[in-house]
Structure formats: structure tokens, C-alpha cells
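Before any comments, here is the structure.
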Amino acid sequence: MTVASFLLVGSWLSEFFAAFAEKFAERFDISHKDIGAEISEAIMQVQMYFKVGDYKLLITDAVIVTWVAVLIFIILISVLAGKPSKDLKLTAGQALLVSLTELVISTAMSFGMNRKQAEEVAPMIMTFGIVITACNSISYFHIPPPAKNIAFAIGCAITAIIYVIVMTFKFVGAKGFWITLTTPIAIMIPFKLLDYVVKPLSLSLRLFGNVFAAYIFMEFLSISVPLILPGVAGLWFDIIDGIIQAVVFSYLTMSYIGENVETVNEYNEHPEEHQKKKKKSKAVAA
């Protein structure tokens, strides 16, 4: 290589590192950035309309990201599950899935459900956990999580409370459901019915509030400190916190079903105690 070639390469490297340093400094210079405007743009919902005949079908980014996240998790779970072996030995992935399933079943049983009931609710409870975990964790890759849209959180909560009511009817029947409304005394009926409005509201606001706050914080970090720190902080705020919110949502859904089942079981085991309470409440009212 000639001296001219060395000089040419040296000149190119000098220009490259000078341009790199300039871009690097510009990336960290937030004086020219409108952080509020950039965050506002990040939280805006992307909306698209598709015509189906005479009707307009609204598709938001939350819908698209939900399907993408769930599809990725389905592939991941399929890989973990693998194929059943002939000698019935479990792989590491299969053992993990079995352990998670047993954990859900044992937790459901701790709420008052029997083994059969716990096994029946486990698939839906795990579905809630998987969908919410997938949708929350995808924000680590700088993709807006669906739960930043309040409609996603409300949809999950309404689905959960409908599931609670359906499974309560299935496990204890109409009479049992009535017992859950009138225990410990019949005057509690309005408050018990109100509970079915407050519970989904609480579920939705908890999920939306935590995910939305974490998303805003991570957007702020990405704008103000774009290197290293967002990736480290994202492990907690995007992934760990996302999993925690999924666990809390699933756990509370299980507890609502278990609470109803346990109330009916206690009533059937000690009906005389509930009759005494009713007589006392009538006497006080008289």
C-alpha cells in the first residue's frame, strides 16, 4: 500500500469519526428537542379504516400489535412444548410449562376451588396471563404496548368479569350465585351487584395506569438518554413490570371466582350460621 493510500484511508477515518462524534453529540443534545411533543406523538393512537361493504372497520395500532405479540408468544410456547417423547420424559421447555400450569391450578385451589374446578379455569387464566404478558413485553422493542390504549384494558377487564360470572354459574348454579349476592345478609345485594362494576373498573385502570406510566417513562428516557440506560431500564419497566401486571390481572380473576365458590361452600357447610345472621338482621330492622 502506497503512502497516498495510507493518507486516503486516514483522511476517510478522520472524517468518519468526526461525523460519528457529531451525530453522537447531537443525539444526546436535548436542547433542540421538544420532549413533550415527541411523547405526545408517541402516545397517539394510529387509526386505519377498512371498508367492508357499506361499513367502515376501524383498526388501531393496539389491535395489530396485540395480534403480532400473541402470534410471537404462540410460536414461543409451541417451541417450548415441542413434541411428546415416546419415553414420556419432559424436556426443559415442557417441564417449565407443566410447572406453570400446576402453579395456576394450586393457586386456584387455594381460593376454595376443588381440583376439577381449578383445572377447568386454568386454561383461561393462563390465556389472560400470556396475552397480557406478550402485549406488555413487546414495548421493550420500542413498539407501543396495546394497554396504553384504555380500550384494550377495558376489553380485557370486561372479558374477565364475564368469565367470572359464567364460571360461578357453572360451578355453583343460579342458586349459588344468588347466595353470593345475599351473603352475609340480603341488604348487601346492591353493593354486591355494584361490585361487578367496580371490579372490572379496578382491573382495567390498574393495567392501563401501570403500562401507560411505564411507557411514558421509557419514552422520556429514550429521548433524553438514548443509549444503554433505556435498554437496562426496559428490562424492568417493559418486561418485569409487564409480567407483574399480567400475573396480578390473572391472580385477581382467579380470586373472584374462588371467592364466589368458597362463599357457597361455606354456606352449604354451615347454613344454620347464615340463618342466625338473617334473623338478627331482621330483628334489628324491626
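No value in this document is a laboratory result; all are computed from the given coordinates. Treat the numbers as computed from the prediction; the structure is a model and nothing was measured. For neighbour counting, all protein chains shown are included, and Cβ atoms are generated from backbone atoms with ideal geometry for every residue, glycine included.
Here each label is just a point 7 Å from Cα along the line to Cβ, and for ILE72 and ASN265 those points are 3.9 nm apart. Each label was represented as a point 7 Å from its Cα along the Cα-to-Cβ direction; for THR91 and LEU235 these points are 2.7 nm apart.
If the chain between GLU102 and PHE191 were fully stretched, how many nm would it gain, using 0.36 nm times the residue separation less the Cα-Cα distance? Walk me through the intermediate numbers first.
Numbers: separation 89, 0.36 × 89 = 32.04 nm, distance 3.44 nm.
Stretched fully, the GLU102-PHE191 segment lengthens by 28.6 nm.
The slack between ILE64 and SER110, meaning 0.36 nm per residue of separation minus the straight C-alpha distance, is 12.9 nm. Pairs from the table (LYS170/LYS199; LYS148/LYS199; LYS83/LYS148) lying more than 26 angstrom apart at Cα are LYS83/LYS148. Other residues with beta-carbon under 13 Å from the beta-carbon of THR101 carry, at +1 per Lys or Arg and -1 per Asp or Glu, a net charge of -2.
Mind checking the full-extension length gain between LEU205 and TRP178? Use 0.36 nm per residue of separation minus the Cα-Cα distance, one decimal, nm.
Numbers: separation 27, 0.36 × 27 = 9.72 nm, distance 2.80 nm.
Extending this stretch completely gives an extra 6.9 nm.
What the phi angles of the range 239-245 give under the Karplus curve with 6.51, -1.76 and 1.60, with θ = phi - 60°, is a coupling list of 8, 4, 5, x, 5, 4, 5 Hz, glycine and proline written as x.
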